[in-house]
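Visitor: The structure follows.
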Amino acid sequence: MLNYIFKRFLSLIISLAVASLVIFFVIEVAPGDPAQFMLGINAQPDTVAALRTELGLDVPKWQRYLGWVAGLVTGDFGTSYTYRTPISTMIADRLWVSLPLAIYALTLSTVIAFPAGIYAAARRGKGGDMAVMGATQLGVAVPNFWFAMMMVLIFAINLRWFSAGGFAGWDKGFWTGIHSLTLPAVSLALPQAAILARVMRSALLDILGEDFMRTARAKGLTRRQALWRHGVRNALIPVLTIIGLQFSFLLAGSIIIEQVFYLPGLGRLVFQAISSRDLIVVESVVMLLVFAVITVNFLVDLAYAAVDPRLRSRT
Amino acid sequence: MSLLQIDNLSMDIVNTSILRDVTLTVDPGEIVAVTGESGSGKSMTAFSVMQLLPESVKTSGSIYLDGKDLLQATEAEMCRLRGNTVGMVFQEPMTALNPVKTIGDQVTETILIHKAMSPADAKTRAREVLDRVGLPADRFPLSRYPHELSGGQRQRVVIAMAIALRPKLLIADEPTTALDVTTQAQILDLLKGLVEDFGMGLLMITHDLAVVADMADRIVVMRRGEVVERGPTRSLLAQMKHPYTRQLFEASGHQVDLPPRPEPKPLLEVKDVVRDYRLPRTRPFAPHGHFRAVKGVSFELHRGERLGLVGESGCGKSTLTRALLGLEPIQGGSITLDGEPVFSGTKPNLAVRRKMQVVFQDPFGSFNPRHRVDRLITEPFFLLDEPPTGKAREAAIGEALEAVGLAAPDASKYIHEFSGGQRQRIAIARALIIRPELILFDEAVSALDVSVRAQILDLLADLCRAYDLSYLFISHDLSVVRTVTDRVLVMKSGEIVEQGETEEVFSNPRHPYTRTLIDAAPVLPDLDALGRSLTDA
């Protein structure tokens, strides 16, 4: 087991190193002079030269790479060119919105998807299954911003249970924060829940056809007992894979929802940074997202091993 | 009234009749074997006792277990009976256990689900039954997972689960079909012992007459959903009133007539072949371990010779087959066909590969279901520099299909339109179509019913006469190898422990392992002796 963890950890470190190299060289080196690119074609030569010095572009590339990595490790991401503020603070502020939002949405999606998927699998081909499958079809097909707009219409404008947008901040209390993230989280969670429920259902249906489910029934377990005791845990592997992928998506991919609800999240930060050609910010956020994705994958790998003893003993 | 009494059981699935008027009984302490070929309804009979049937099934008649009519029982009542009054053992031990739960949990579950004991007592009982089925505590603690056990050991766990609550009736559905002969003998012994110790009734489903001949008290022969003959084992086998019983019996021991082989002239030469597999590291940065699956194997196969290769699962025969075909590199020794290596440098030698073809075990899995037969059987043409096209290709397809007893128009059909036996014929046609000098049969008849198997073996003998085939016949089934080969190799733990003329090796085995194998293999009783002993009695 320790060997397994060590191996996964090693692969995490290697992935991070490779990712940082790729990001650094693609963004800084490949398209020519970043300073020229950031200032546009009509910039004065002396302005470009000044920016080059400011960005530290006049030192060798490998030195800049090492400096950048050292900065990342110590939390010093550099200074934003457009905002003239430390990037680490900018990212930290945004992360306090995006990370809770992603976790909130993922929790909701799991809480909706598991019972729905299990219920549908247990009633395969019957009314309940068809209803769940129809609903998930809708959830997959309808874009999340449409859900968002509908929810604003119903819950914010008509019922006035939630505010239509903006983030109240965590300093007014945990529940106030959660309250203002609820509508965005629900609209993010619905399509993800639809996908996850379908995966759960089909994984479980595969397991229901396995020989050991018949063995369980022959021992005297009812259909439901067999499903819960022997089915669900075996069906978790593909479900965990999807959950891992969804978390990564939710962390960075919520830009449209952030836009609809006026949330100061990571997605909007990247969007603004790209529009204003603030390459250092883009680079840092991308690296952070890569870090998040790789770490989540690592955690998913550990979860696999917790679920399946065959992975634990495979050294 | 008997322990189990099935009367006039009929079963339909959407207008297809599965069982018709099946009647049979099992008494306490009695072993009743239900035998027949696939599609005879023997397994459905077993599952109808458990009431574990597809929902679309309609049944009529009655099944009384211990005085209770199961066809009238509610699902809740059935759940109380299953595992408690009636236990069941299945065919495929590799998949019958939940891979993510320990064997201890799975055995105790039978006890706890029926609330028969406290969790602590259930654990003690689980330990007892595991000991009883031959899995002692020191080597098989309750914390073991199924993937850490072999097929035979897993089957013992399944049996332990089935008998944990001392059921009155045990149903075993082909319990040894997936196991090696020596393991099979042990499992059969275990089942017999359990019946004696606990006075259980045992309803055993099997396709293999030889397995039950010296074990069952009574035999029920089924065909196409009907019971065709029943009776005490010895008198049933001695008399065999129904022609189908006789047909089954003859097919099980079917002998073929091989043409004489030509003068020895080496075709395939295998010298000191070694095949290592790299094992995963035991700890980070440790050197890789190696597992030697084939340990210096040498033999020769002559032109026109039929060579057999027998051994139990894990002995390295499949590994050796893959090496012979040039599918994997070897780590030592040499394999040459007609003096040319099958594997040159880092890739298979195509010039040699086109002289060899292979027929695999599974007639259902070894064809692409989306291709028509003509495309399937002409696949070996890819090995040729100038494959025949147009008329010549059609002629080759027609000839190959006719050689294996099918018709040329079958070429435009899809594989799902054929039965298992016909598919195996198509597999042979695919091997024959480029007229290979050597064919490898890897358990090629193991998945077939006895009567179909007999036909395929006859086909092989016919092809030997027509095409002077040379083949290597790999099988765990000794009776088949005995009839279709001239010479035989016995393999154990990666080594060839004995080789010689087939008849000589079988009637006068020298190596103790060969003797064990032959002793463990179930044999059909000698009918004359059986008849005499009955008259004497």
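Visitor: Select from B:Ala444, A:Ile157, B:Ile335 the residue farthest towards the positive end of the dipole of the protein assembly as shown; place +1 on Cβ of Lys and Arg, -1 on Cβ of Asp and Glu, and compute about the Cα centre.
Guide: In the protein assembly as shown, that residue is A:Ile157.
Visitor: Among B:His302, B:Thr346, B:Ser318, whose Cα lies farthest out toward the positive end of the dipole of the stretch B:237-365, if unit charges sit on the beta carbon of Lys, Arg (+1) and Asp, Glu (-1)?
Guide: B:Thr346
Visitor: Now for a different question. Report, for chain B, the % of DSSP beta bridges that are antiparallel, rounded to 5. Could the numbers behind the result be given before it?
Guide: Details: 49 of 85 bridges.
Around 60 percent of the beta bridges assigned by DSSP in chain B are antiparallel ones.
Visitor: I need the trypsin sites (Lys or Arg not before Pro) found in the stretch B:240-290, filtered to DSSP loop residues with at most 14 other beta carbons within 10 Å of theirs.
Guide: B:Lys241, B:Arg281
Visitor: Would you mind telling me the antiparallel percentage of the DSSP bridges in the protein assembly as shown, rounded to 5?
Guide: 60
Visitor: Can you pull the Kirkwood radius for the stretch B:156-264, inverse mean 1/r over Cα pairs, to one decimal in Å?
Guide: Value: 16.0 Å, from the Cα pair sum.
Visitor: Counting other Cβ atoms within 10 Å of each Cβ, which trypsin sites (Lys or Arg not before Pro) in the stretch A:129-237 have at most 14 and sit in a DSSP loop?
Guide: Passing both the DSSP loop test and the Cβ count: A:Arg160.
Visitor: Quote the Stokes-Einstein diffusion coefficient, in whole µm² s⁻¹, for the stretch B:478-537, based on the Kirkwood radius over alpha carbon pairs, a temperature of 25 °C and a viscosity of 0.890 mPa s.
Guide: Approximately 187 µm²/s, per Stokes-Einstein.
Visitor: Using the Cα gyration tensor of the stretch A:42-137, with a ≥ b ≥ c the square roots of its eigenvalues, what is the shape: rounded (a/c below 1.5), prolate (a/b larger than b/c) or oblate (neither)?
Guide: It is prolate, given that a/c is not under 1.5 and a/b is the larger ratio.
Visitor: Quick one: grab the alpha carbon gyration tensor of the stretch A:10-91, order the square roots of its eigenvalues as a ≥ b ≥ c, and give me rounded if a/c is under 1.5, else prolate or oblate depending on whether a/b is larger than b/c.
Guide: Verdict is prolate for the stretch A:10-91.
Visitor: Something else now. From the mean inverse distance of alpha carbon pairs (Kirkwood) and the Cα radius of gyration, derive Rg over Rh for the stretch B:318-392.
Guide: Working: Rg = 14.6 Å, Rh = 14.3 Å.
A ratio of 1.02.
Visitor: Which value, in debye to the nearest 20, gives the size of the charge dipole of the stretch B:483-537 about its Cα centre, when Lys and Arg are +1 and Asp and Glu are -1 at the Cβ?
Guide: 200
Visitor: If you take the square roots of the eigenvalues of the alpha-carbon gyration tensor of the stretch B:69-123 and sort them as a ≥ b ≥ c, do you get rounded (a/c under 1.5), prolate (a/b over b/c) or oblate?
Guide: oblate
Visitor: May I ask you to derive the relative contact order of the stretch B:134-201, considering only C-alpha pairs under 8 Å and at least 6 residues apart, and to give it as an integer percent?
Guide: It comes to 33 percent, rounded to a whole number.
Visitor: Within the stretch B:314-414, count lysine pairs with alpha carbon atoms under 24 angstrom apart where the residues are 8 or more positions apart or belong to different chains. Intermediate results must be reported in sequence, preceding the final value.
Guide: On the way: B:Lys317/B:Lys347; B:Lys317/B:Lys355; B:Lys347/B:Lys355; B:Lys355/B:Lys391; B:Lys391/B:Lys413.
Eligible lysine pairs with Cα atoms under 24 Å apart amount to 5.
Visitor: Any idea what diffusion coefficient chain B gets from Stokes-Einstein, in µm²/s, Kirkwood Rh on alpha carbon pairs, 37 °C, 0.692 mPa s?
Guide: 128
Visitor: Express in Å², to the nearest 10, the accessible area of B:Glu229 obtained by rolling a 1.4 Å probe over the protein heavy atoms while all chains stay in place.
Guide: Surface accessible to solvent at B:Glu229 totals approximately 20 Å².
Visitor: Another question, if that's okay. Given the whole protein assembly as supplied and a 1.4 Å probe, what does the accessible area of B:Ile18 come to in Å², nearest 10?
Guide: Solvent-accessible area, nearest 10 Å²: 40 Å².
Visitor: In a solvent-free Debye calculation with one equal scatterer on each Cα, what is log10 I(q)/I(0) for the stretch B:405-492 at q = 0.12 Å⁻¹, listed in the order of the q values?
Guide: Summing over Cα pairs of the stretch B:405-492 leads to -0.38.
Visitor: Can you say what percent of the DSSP beta bridges in the stretch B:331-441, counting only those with both residues inside, are antiparallel? Round to 5. Before the final figure, lay out each step's value.
Guide: Numbers: 5 of 9 bridges.
The antiparallel proportion sits near 55 percent.
Visitor: Now for a separate question. Could you work out the helix-only [θ] at 222 nm for chain B, with each DSSP H run of four or more residues adding -39,500 (n - 2.57) and the total divided by the number of residues, to the nearest 500 deg cm²/dmol? The partial results should precede the final answer.
Guide: On the way: 19 runs with 188 residues, N = 537.
Roughly -10000 deg cm²/dmol at 222 nm, from the helical runs in chain B.
Visitor: Note down the accessible area of B:Thr16, probe 1.4 Å, to the nearest 10 Å².
Guide: 80
Visitor: For B:Leu327, A:Leu101, give the ranking by accessible area with the largest first, probe 1.4 Å. Don't skip to the end; give the middle numbers.
Guide: On the way: B:Leu327 100, A:Leu101 0 Å².
Final ranking, largest accessible area leading: B:Leu327, A:Leu101.
Visitor: Provide the convex hull volume over Cα atoms per residue for chain A, in Å³. It would help to have the intermediate numbers written out before the result.
Guide: Details: hull volume 55.5 nm³, N = 315.
It comes to 176 Å³ per residue, whole-number rounded.
Visitor: Compute the helix-to-body angle for B:151-163: its Cα long axis versus the longest principal axis of chain B, expressed 0 to 90° and rounded to tens.
Guide: Once rounded, one gets 10 degrees.
Visitor: Taking every pair of alpha-carbon atoms in the stretch A:85-200, give the share separated by more than 20 Å as a whole percent.
Guide: Here the long-distance tail beyond 20 Å is 51 percent of all Cα pairs in the stretch A:85-200.
Visitor: So which chymotrypsin sites (Phe, Trp or Tyr not before Pro) in the stretch B:225-312 are both in a DSSP loop and have at most 10 other Cβ atoms within 10 Å of their Cβ?
Guide: B:Phe285
Visitor: Over the stretch A:143-290, what is the mean sequence separation of C-alpha contacts under 8 Å (at least six apart), divided by residue count, expressed as relative contact order in percent?
Guide: It comes to 25 percent, rounded to a whole number.
Visitor: If you take the Cα Rg of the stretch A:134-264 and divide it by 2.2 N^0.38 Å, with N the number of residues, what do you get?
Guide: 1.38
Visitor: Next question, about the same structure. Average projected area of the Cα convex hull of the protein assembly as shown, in nm²?
Guide: In nm², the orientation-averaged hull projection of the protein assembly as shown is 48.0.
Visitor: Rounded to the nearest 20 debye, what is the charge dipole size of the protein assembly as shown about its Cα centre when +1 sits on each Lys and Arg Cβ and -1 on each Asp and Glu Cβ?
Guide: For this selection, approximately 2180 debye.
Visitor: Rank B:Arg125, B:Arg80 by accessible area, highest first, at a 1.4 Å probe radius?
Guide: Final ranking, largest accessible area leading: B:Arg80, B:Arg125.
Visitor: A follow-up question, please. To make sure I understand the rule: partners must be aspartates and glutamates, Cα under 12 Å from the Cα of B:Lys265, and not fewer than 8 residues away in the same chain. Which ones qualify?
Guide: Within the straight-line limit of under 12 Å, B:Lys265 reaches these aspartates and glutamates: B:Glu300, B:Glu305, B:Asp338.
Visitor: Report relative contact order for the stretch B:143-279 in percent, whole number only (criteria: Cα-Cα under 8 Å, sequence separation at least 6).
Guide: Relative contact order comes out at 16 percent.
Visitor: Excluding same-chain residues fewer than 8 positions from B:Lys68, which lysines have a Cα within less than 27 Å of its Cα?
Guide: Within the straight-line limit of under 27 Å, B:Lys68 reaches these lysines: A:Lys219, B:Lys42, B:Lys58, B:Lys115, B:Lys168, B:Lys192.
Visitor: For every other residue with a beta carbon closer than 13 angstrom to the beta carbon of A:Arg123, add +1 if it is Lys or Arg and -1 if Asp or Glu, then tell me the sum. Intermediate results must be reported in sequence, preceding the final value.
Guide: Numbers: positive: A:Arg124, A:Lys126, A:Arg201, A:Arg223, A:Arg224; negative: A:Asp129, B:Glu55.
Charge balance in the 13 Å sphere: +3.
Visitor: With charges only on Cβ, +1 for K and R and -1 for D and E, what is the dipole size of chain A about its Cα centre, in debye, rounded to 20?
Guide: 1820
Visitor: I want the local charge near B:Leu190. Using Cβ-Cβ distances under 13 Å, sum +1 for each Lys or Arg and -1 for each Asp or Glu among the other residues. Working shown, then result.
Guide: Working: positive: B:Arg132, B:Arg156, B:Lys192; negative: B:Asp131, B:Asp189, B:Glu196, B:Asp197.
After counting each charged neighbour, the total is -1.
Visitor: In degrees, nearest 10, range 0 to 90: what is the angle between the Cα axis of helix B:450-467 and the longest Cα principal axis of chain B?
Guide: Tilt of helix B:450-467: around 10 degrees.
The values are calculated or read from the model by the stated rules, or taken from the named source; none is laboratory data. Everything quoted here is computed from the prediction, not taken from an experiment. Glycine gets a Cβ as well: all are built from the backbone with ideal geometry, and neighbour counts include every protein chain shown. Each accessible area value is taken on the protein alone, full model and side chains, heavy atoms only, with ligands, DNA and RNA left out. Shrake-Rupley method; radii C 1.70, N 1.55, O 1.52, S 1.80 Å.
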